[in-house]
1. Hey, among the residues in region 299-311 that are of a type outside the set (S, T, N, Q) and surrounded by 22 or more Cβ atoms within 10 Å (Cβ to Cβ), which one's nearest to the chain's Cα centre (by Cα)?
2. For Phe762, indicate whether it is open to solvent by 10 Å² or more (accessible area, probe 1.4 Å), of a type in the set (Phe, Trp, Tyr) and either within 44 Å of the chain's Cα centre (by Cα) or at pLDDT 80 or above (or both).
3. Can you give me the number of residues within region 438-477 that are of a type in the set (Gly, Ala, Ser) and either assigned to a strand (DSSP E or B) or under 52 Å from the mean Cα position of the chain (by Cα) (or both)?
4. Any idea which residue in region 156-209 is nearest to Arg326 (Cα to Cα), counting only those that are among the aliphatic types (A, V, I, L, M) and assigned to a loop (DSSP other than H, G, I, E, B)?
5. Tell me, please, whether a residue that is touching a residue at least 40 places away in the same chain (Cβ under 8 Å), part of a loop (DSSP other than H, G, I, E, B) and acidic (Asp, Glu) can be found in region 688-700.
6. Go through region 478-505 and count every residue that is under 26 Å from Cys440 (Cα atoms), surrounded by 11 or more Cβ atoms within 10 Å (Cβ to Cβ) and over 52 Å from the mean Cα position of the chain (by Cα).
7. Going by what's in this entry, would His467 be described as surrounded by 10 or more Cβ atoms within 10 Å (Cβ to Cβ), touching a Pro at 6+ places or on another chain (Cβ under 9 Å) and over 16 Å from Gly401 (Cβ atoms)?
8. Take the residues in region 707-736 that are outside any loop (DSSP other than H, G, I, E, B) and within 20 Å of Asn906 (Cα to Cα), then tell me which one is most open to solvent (accessible area, probe 1.4 Å).
Amino acid sequence: MDTKQIQNSLTQAMTLDTYTHMPFEARWSINNYLMTSLKQKSQIKMDEFVKSYSDAQKRLEELDQLNAKKIFGQADIIAMTTTGRSKYSEYFTNVTFPIVIVEEAAEVFEAHIITALSKQTQHLILIGDHLQLRPNPAVYDLSFNYNLSLSMFERLVNNKIPHSTLALQRRMRPEISKMMNLIYPDLKNHDSVLRFPQIRGLSSSLYFYDHTFKENTNDMMMSKVNKEEADIVVRFAVYLLQNQYTPDKITILTLYAGQLLHIKQIVKNYKILPDLLKKIRVINVDNYQGEENDIILLSLVRSNPESRIGFLKISNRVCVALSRARMGLFIFGNANCLLGSKLQLWVDVVSYLKENDFFGNALKFCCSYHKIVTEVQSLKDFHKIPEGGCTKKCEAKMECGHLCTSLCHPFEVTPIDPTGHQKSTCKGKCIRPRSCLHKCTYDCAECKNGHLPCLTPIEVKMVKCGHTVNIHCRQNTIDLKCPVQCEKILACGHQCLLRCSQDCNLKPCKQTVERALPCGHKIEMLCHEDINTAKCYKDCAKALQCRHKCTGKCSECTMNGYHKQCSSKCGKYLVCGHNCANPCTSTCAPCNTMCYTKCPHSDCPDVCGKVCGIKPCLNECIHSKCTNLCSEPCNRDPCNMNCEKLLDCQHPCIGLCGEKCPKQCRICQPDDITFKTHLYGHENDPHASFVALDCGHAIEVRGLDKWMNRQQTLIQYLECPRCKHPVNKCSRYTTQINDKLKDLNHVKAIIQRNNIAINAKFKEVSTYINADFVQLFSRVNKGSSIIENTLALARHLAQQAIHFEKIRAVKELNKLIDDAEYLSFLMKIIFFIDSGILTLYSNSTMQQNIEIIAKQVADAVKRKTITALHKSQAKQVADNLTISATSRIRPSVNFNIEKIQVDTSNDWHVCPNKHYFTAVKLEGSQEDELFDEVNQVCTQCAPRGGAGQAQPNRVVVQPQELPKQEERPMSMLDKLRAAQLERKH
């Protein structure tokens, strides 16, 4: 695909959801096109960034050059590397330095020194050691075949150019420097090195540990590793730390990078003194030239039968490795391997060490206190010196007089610390004498800086009360108060729980007693607590209006003035036949379950709380047909002819013509509940016909006609007499179903109107109360008690409004409207107070009345109840103030919220005159218990005798007897049915 085709495909894919139908190749082409476009854009941006970076780098270099020229032109001495000298060579064009000094000249390439010289150079001074490390070319062939590793310094010395050699050394102790005489024959010691102390904890300060541990190869680095030797070296370093050497005094040297990394890995995970061990420097010999330290641990690594010693063949490296130590040098390696290489330097070194007893296959550690020498041949033998000493107890006398009970450990006696154990912790009991002559009970370490208070118990007799009390010796008896419990009896009859030294009236009685609260509950409380102010912690458990028990705490319900919202599921039986699925409230909301209503056309798609719609009627059979709409009364009489269809078993159907065929067969299923259970007494008639209902039950038609035609005022769906399932689809009873559906729809409309009215009324009341609350809150700083109390009342009413709206309590809503009217009277009083109307009253009667009203408001808030007396007195005061301010000031808003009157019951009835109501049951007897009904009184018909008025005409299915045999000739189907019954019996 070319670019234009790809762009067209991409545009199509972005505008239409067709990319899933594209060919696989087309999708890959689009993907590659997008990736290429993004890369091109990114490359353009990257080029811009690179150019910007290059320009900035160039400017920085120019500034550096200007700065360097300025410095070089002003300096008398310049120190730099030979590489730096070459880099800044152009800066020295006009600068003259006649003297050039090269430090470590034996390790510098001759070419580097030549480039450091100029025409103005008059004096070249080379300082170095040609017997130590040489220059190291990157290409081995240049070093081996062309002598590029030969420095100018070494070449001039070899050519007998006059030079001076340092003969007096101030670094190494005599034992080490004597070994270095093998390399430097004329080397002499300064007096200062003769005073170097011996290494603590070791029998010798110079030692070669000979071993046979095999070397390994680090394949990744192409280097050599000796793991066992590395373990010994690290543990030896730990021993030195235990002997109080600091990490900066110890250095571990090795000639191989593989061994270097392995030692660092061991140090990183070591468990003994890890923090100190990590501070020890581990470094390669090549990087340590020119440096020194008090103690050097040298790991030679090489150990193989072929005596291949690699870097150890280079005497320059060996010279550097052996000359770095000041006070102690400890070498770890395989002597046989070194001697087998036939390098004369190693032969001379090993011979010197053996002659002076500085050589062996075991490390010799010497305890500084017991002077016991412990030999360690392998790593596992280090358990003999766990603390850096020996395996004996220390037993050195400590400052406290005890003997040290720790394992032998290094310590140093100094004038500041004469026992060397100042930092040690004594584990014995204190034996220092006390001024009180009691024996000290503390550990010795706790009393190191002075005795702690004495805890020995003693008896003291109190002067005032005469009680004998036990106290600690350290306690002051002058300010001591008797701790014995008081023996006095309080006015309440309980014994005083305070101490003898305390005033009995100082604190109230705290004995726990059981008392009955005003709510009727018995609770445990403190004796001094008032039952009128105590909070009941028991469950309320009172019956709510929904008949469930309150789950709140008694004190919460009392304090709020209303019960906790019921958390149970409502479950009330609604007029539509469902159980209410909402949380329990006083007034059920319209039903949200899917509607039960069904007809031959379809099932109702709305929720049950909405009014159902009805379509044209489909009620017909082969004998007759209804010509009305589905919602109108059928003009077709129910057909009483037997159904002529055959069941799947080829037996006659037991149903009626035009009805749904029952699944039950009288011949195949004689024991079915349809024929065995005598619901109306005609089920065992061999010629009885049955009607199939929505639930699947088949009911005998004569009894079912009587059930469906019974007179009742309760509005509900027609039900199956056997299981109470709603009947929605049955051609025979279409008229009755439509009548009930009309009544249900009318009631649903009433319930929806009531629900809207309830919600609107709650909103109206809440808005009014909240508006008053905002006004009061803005005036609360004026310090008036009536304003503060009214604010608390408004807050309480606002909380009640929220709670009652949640539980849909209509009865409480009307009570809340009364309380809101009381609040309106209070708001009028406050309005007139703010307007200054009280100045019109010369006496203080009105002020006294207002104070009384303020106290009543506080009482109403406390008791959560507003009485009729409160309301009437507040109205009277507000009216008096209104009369006094007739022509001057009027409140801007009057209270005009009317109470709501709605039916909240779920049991709805209809009278013969089509009045819908929820009424009271009447006392009366029933003649037939199968059709038990409760008569109701219609409030609209009762005053004019509506219950006795004639009912409007309505189509009713009357119970009818089937024709007798002689009145109707038997059809072929009847004959077949009779023959099958006779054959079965």
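The values are calculated or read from the model by the stated rules, or taken from the named source; none is laboratory data. Note that the structure is predicted; figures quoted are calculated from it, not measured. When we count neighbours, we look across all protein chains shown, and the Cβ atoms used for this are built from the backbone with ideal geometry, even at glycine. Side chains are part of the model used for accessible areas, which takes the heavy atoms of the whole protein and leaves out ligands, DNA and RNA. Shrake-Rupley method; radii C 1.70, N 1.55, O 1.52, S 1.80 Å.
1. Val301
2. The answer is no for Phe762.
3. Going through region 438-477 one residue at a time, the tally reaches 2.
4. Taking the candidates together, the pick is Met172.
5. Looking for residues that are touching a residue at least 40 places away in the same chain (Cβ under 8 Å), part of a loop (DSSP other than H, G, I, E, B) and acidic (Asp, Glu), one finds at least one in region 688-700, hence yes.
6. Residues in region 478-505 being under 26 Å from Cys440 (Cα atoms), surrounded by 11 or more Cβ atoms within 10 Å (Cβ to Cβ) and over 52 Å from the mean Cα position of the chain (by Cα): 1 in total.
7. Yes; evaluated as a whole, the condition is true for this residue.
8. Leu714
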